[in-house]
Amino acid sequence: MKEIRKVGILGAGTMGRGIAAAIVQAGVEVLLCEKDQDLAQAALAKIAEDFDYEISRWAITEGDKNSLMKKLAVTANLAELAGTDLVIEAVPEDFDLKVRLFQQLSALCPPDRVFVTNTSTLSITKMAEQLANPQRFVGVHFLYPVTKVKLVELIRGLKTSDATYQQVREFLVSLGKTPIEVYEYPGYVTTRIILPMINEAMQVVLEGVASAEDVDTAMKLGYNMEIGPLALADRMGLDEVMKWMEHLFRELGDLKYRPCPILRMKVRAGHLGVKSGKGFFEY
């Protein structure tokens, strides 16, 4: 099985940058690809900024940061990903966009290249149907913040080969992650379980039972959660949370996944959480 020395990451948003940071911290080189050079350079600067924050916490040294940044390169040329040993896609949760990019990558990369999609809700099997080598395709759901959360969901499509699954599993373990094996089903494990809790927390606020602050305090102190469900939703991005819930509601038809009206109101108002500066809380 080919050793993974360099990983290509497609998409340099919050998740793409987090995955890149986690991989270089494990000593593996990363080529991060964005749709234009300005976005690629901005992503590089943001990762450097994140490492500066770790320096301020005494978690790493300036020398560590320099060493990590040397393992990281950026590009706006999709063809350059053909020179990597593994490609991880981390673009927004849009089925058609992901398929289109993987079809382009399939034409550029050698036929033995393993493709990973970072998704929390979409069908691995359905995506793989559009590709020439569906046995080389697998899903990995990294959780935010990627560098801190040890859990990853490793999702098999119907045609994912055992060799592909094992290669990606071993790679994830080398990053210090704990993969759980998940067979394809809408929402997998973590998304399917956390979304009804977040939705119910929103419903409690909507009904005036308690404030957002008190709901989160109740769950943190009462159930030993590090972060309350509403602050977690703000971190995820309320627009993303609504997109996931609508997808699960369509797929499963279960009312517990019908987005709470207060979520729709906040998304319409542009109050998307941390990324917009305001959601259930202000940032």
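Computed values, structure above
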read-out: Selected residue (criterion: nearest to His247 (Cα to Cα)) from residues of region 90-145 that are touching a helix residue (DSSP H, G or I) at 6+ places or on another chain (Cβ under 7 Å), of a type in the set (D, E, K, R) and outside any loop (DSSP other than H, G, I, E, B); value: Lys98
read-out: Residue list for region 1-30, filter: assigned to a strand (DSSP E or B), free of Cβ contacts under 8 Å to residues at least 60 places away in the same chain and surrounded by 21 or more Cβ atoms within 10 Å (Cβ to Cβ); value: Val30
read-out: Lone qualifier among Val152, Val189, Val146 - being within 17 Å of the chain's Cα centre (by Cα), in contact (Cβ under 8 Å) with a residue 40 or more places away in the chain and at negative phi; value: Val146
read-out: Yes/no for Gly157 being of a type in the set (Gly, Ala, Ser), crowded, with 19+ Cβ neighbours inside 10 Å, within 21 Å of Gly273 (Cβ to Cβ) and in contact (Cβ under 8 Å) with a residue 24 or more places away in the chain; value: no
read-out: Only one of Tyr183, Tyr188 that is closer than 30 Å to Val116 by Cβ, of a type outside the set (D, E, K, R) and surrounded by fewer than 13 Cβ atoms within 10 Å (Cβ to Cβ); value: Tyr183
read-out: Exclusive hit being surrounded by 13 or more Cβ atoms within 10 Å (Cβ to Cβ) and at pLDDT 90 or above, set Asp85, Asp96; value: Asp85
read-out: Among the residues listed as Ile23, Ile60, the single one being among the aliphatic types (A, V, I, L, M) and modelled with pLDDT under 95; value: Ile60
read-out: Unique match (being within 19 Å of Ser174 (Cα to Cα) and assigned by TED's automatic domain parsing to the domain that holds Val168) among Ala82, Ala26, Ala48, Ala42; value: Ala26
read-out: Residue in region 105-137 that is surrounded by the fewest Cβ atoms within 10 Å (Cβ to Cβ), counting only those that are small (Gly, Ala, Ser) and touching a Gly at 6+ places or on another chain (Cβ under 9 Å); value: Ser123
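The values are calculated or read from the model by the stated rules, or taken from the named source; none is laboratory data. Since we're looking at a predicted model, the values are computed, not measured. Quick reminder, even Gly has a Cβ in these numbers, built from the backbone with ideal geometry, and neighbours come from all protein chains shown.
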